[in-house]
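Worksheet: one structure, shown below.
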Amino acid sequence: MGDGSPTRRGFLAAAGTTLLAGCGSLDQLDGGDPETVYAHELPQAAEDGEAEPILVEDVPADIERTALDDRRGRVTELLDTLPMAFGPADVPNGHVRERLVGASEDATKYVDDARTAKTRLSALQSLREARCEARYAAAGWAFVADDLTAEEVQADHEAAVDEAESLESEHEYAGTDPVDAALVHARIERNLRLVLDDEPPSIYARKSPLLTVAEWGEHAESARARVDDSEYLYDRFTSSLPDDAGTVEETLDAAAESVAADLRERRDELPPEPTEDDYDLVDRLRYRLRDEAEESPERVTEAQGPASAVLAATEGLVEVGAFGRFQERVDDGETFGAEETADVHEGRNEALDAIRTALSESPRPALARPVLADAAMTVAWADESLGRFSGEVGLRRLDDPMQKYTTATLRARSVPDAVEQVVDALGG
């Protein structure tokens, strides 16, 4: 379930099985170092299997509590259509019944996440996820109780898509400060594109008409929620502008193209792609960081719009800087791995310190925040992987979290320079 956005729960569902604990015998089979450490000596940052990032995204728009209350009310409205408990008499198929119950429980969890969110944007995002899960359960139950059909729910989705098309075609890049404008308009661009480019739910193999309706319900709610959020953010941002505020579209376009040209030049200076078949930690970092730097110009030119292109340009400069820092550390003989638990603690602390420092040292912290929030999530994923270990842990098993901590550090330390260059390109 979910609306296709990259959530922490989705990441863990896909990757969590590769991070299981113990497995000293696997280290031997992989030819890894047989030395081990004890799991309880590793950083214990995650509680109940989930770690919270120290920094999350935000936008320079005043999100009202009433907007959050309205979205929370929508979740309640959907969940109130469900019976007090799903029993075999209501939904005989145990698997189907479990899916509906699970969706309603997830909706409640996302509402709880919204209550403790670090920013109101994060709360808005959590409530969007809650709406999708609640609609999944409500649509599935409506199939049972009210003979709801997939065609009826598809009509809801089509209406949201039509509105997204209208919003995108009429989108004006109003603003006075190009940085603030880029951050808000990029969020709107992304939301609308996700609605317009989204594939239908993967129901081709479904044998359950009930789950087909449930998935279309979730799909429709996701589209409607993203359209609602886009309209709201646009209205809140533009209402804060002076009456004579113009458009910053040309400024955003020019800045993005300027940085993209620089990124293309830097790409030409990258060392050749490695050809050796070694797969130690240094090699994995080299492949990943180089690939990110190499692909950065295309991410600017292929962005959803001028605002997203500015954010992609910032991230591209960060990727190029991170690869350069990596090369310098490799030249100094660093191997990035953990030989003892102290190395893991040091790697984590280094990443967290780099994120905090980058935010404070960036000339426009708001522009630094999206990239740093991504780095903070990378640290949180590493924390969660460590939290899944138990007993004795082979040192090679620590390569994955060490890779994440190192990547977050390298990227964070490259943020201030990247932000400065983009701000200069914006005329700031």
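The values are calculated or read from the model by the stated rules, or taken from the named source; none is laboratory data. Quick caveat, the model's predicted, so the values are computed rather than measured. Backbone-built Cβ (ideal geometry, glycine too); neighbour counts: all protein chains shown. Ligands, DNA and RNA are excluded from the accessible area calculation, which covers all protein heavy atoms including side chains. Shrake-Rupley method; radii C 1.70, N 1.55, O 1.52, S 1.80 Å.
Which aspartates and glutamates, on any chain, are close to Lys118 with Cα under 12 Å apart, when same-chain ones fewer than 8 places away are left out?
Glu52, Glu57, Asp58
Can you tell me the FRET efficiency between Ala85 and Glu50 if r is taken as the Cβ-Cβ distance and R0 is 25 Å, rounded to the nearest 0.05?
The value I calculate is 0.40.
Please identify which residues in segment 298-327 have an amide N closer than 17 Å to a label point set 7 Å out from the Cα of Asp424, following the Cα→Cβ vector.
313-322
For the chain, build the charge dipole from Cβ charges (+1 Lys, Arg; -1 Asp, Glu) around the Cα centre, then report which of Val318, Ala39, Leu55 sits farthest towards its positive end.
Ala39
Say R0 is 56 Å: what FRET efficiency, to the nearest 0.05, do Ala254 and Glu152 get from their beta-carbon distance?
Once rounded, the FRET efficiency stands at 0.75.
Which value in nm describes the separation of the simple spin-label points at Glu298 and Thr66, placed 7 Å from the Cα toward the beta carbon?
Those two pseudo-labels are separated by 4.7 nm.
What accessible surface, in Å², does a 1.4 Å probe find on His95, ignoring ligands, DNA and RNA and rounding to the nearest 10?
100
If you build a Gaussian network model of the chain, linking Cα atoms that sit under 10 Å apart, which residue out of Val371, Val318, Val393 swings the most?
Val393
Using 0.36 nm per residue of separation minus the Cα-Cα distance, give me the extension gain between Lys118 and Glu170 in nm, one decimal.
Full extension from Lys118 to Glu170 adds 15.5 nm.
What are the aspartates and glutamates whose alpha-carbon lies under 14 Å from the alpha-carbon of Lys109, with same-chain residues fewer than 8 places away excluded?
Straight-distance partners of Lys109: Asp48, Glu50, Glu129, Glu133.
Label 7 Å along Cα→Cβ of Asp291; segment 327-345 residues with amide nitrogen under 15 Å?
none
Can you list which of the chymotrypsin sites (Phe, Trp or Tyr not before Pro) found in segment 163-231 are DSSP loop residues with at most 13 other C-beta atoms within 10 Å?
Sites meeting the loop and neighbour criteria: Tyr204.
Hey, could you get me the Stokes-Einstein D for segment 235-335, Kirkwood radius over alpha-carbon pairs, 37 °C and 0.692 mPa s, rounded to whole µm² s⁻¹?
Approximately 212 µm²/s, per Stokes-Einstein.
Could you give the dipole magnitude of the chain about its Cα centre, charging the beta-carbon of Lys and Arg +1 and that of Asp and Glu -1, in debye to the nearest 20?
Roughly 1120 debye, rounded to the nearest 20.
Using a Gaussian network for the chain with springs between C-alpha atoms less than 10 Å apart, which of these wobbles most: Glu221, Glu269, Glu133?
Answer for the Gaussian network model of the chain: Glu269.
Mind listing the phi-derived Karplus ³J(HN,Hα) values for segment 403-411, rounded to whole Hz, using 6.51, -1.76 and 1.60 with θ = phi - 60°, and x for any glycine or proline?
Karplus-based 3J(HN,Hα) across segment 403-411 equals 4, 5, 4, 5, 4, 4, 5, 4, 5 Hz.
Where does the chain land on Rg/Rh, using Cα atoms and the Kirkwood Rh?
Value, to two decimals: 1.00.
So, with +1 on the Cβ of K and R and -1 on the Cβ of D and E, and no other charges, what is the size of the charge dipole of segment 213-356 about its Cα centre, to the nearest 20 debye?
Once rounded to the nearest 20, the dipole reads 340 debye.
Once a ≥ b ≥ c are taken as the square roots of the eigenvalues of the Cα gyration tensor of segment 101-188, is the result rounded (a/c under 1.5), prolate (a/b larger than b/c) or oblate (a/b not larger than b/c)?
Oblate shape, in that a/c is at least 1.5 and b/c is the bigger or equal ratio.
Evaluate the charge dipole of segment 114-218 about its Cα centre and quote only its size in Debye, nearest 20, assuming +1 on the Cβ of each Lys and Arg and -1 on the Cβ of each Asp and Glu.
The calculated dipole for segment 114-218 is roughly 780 debye.
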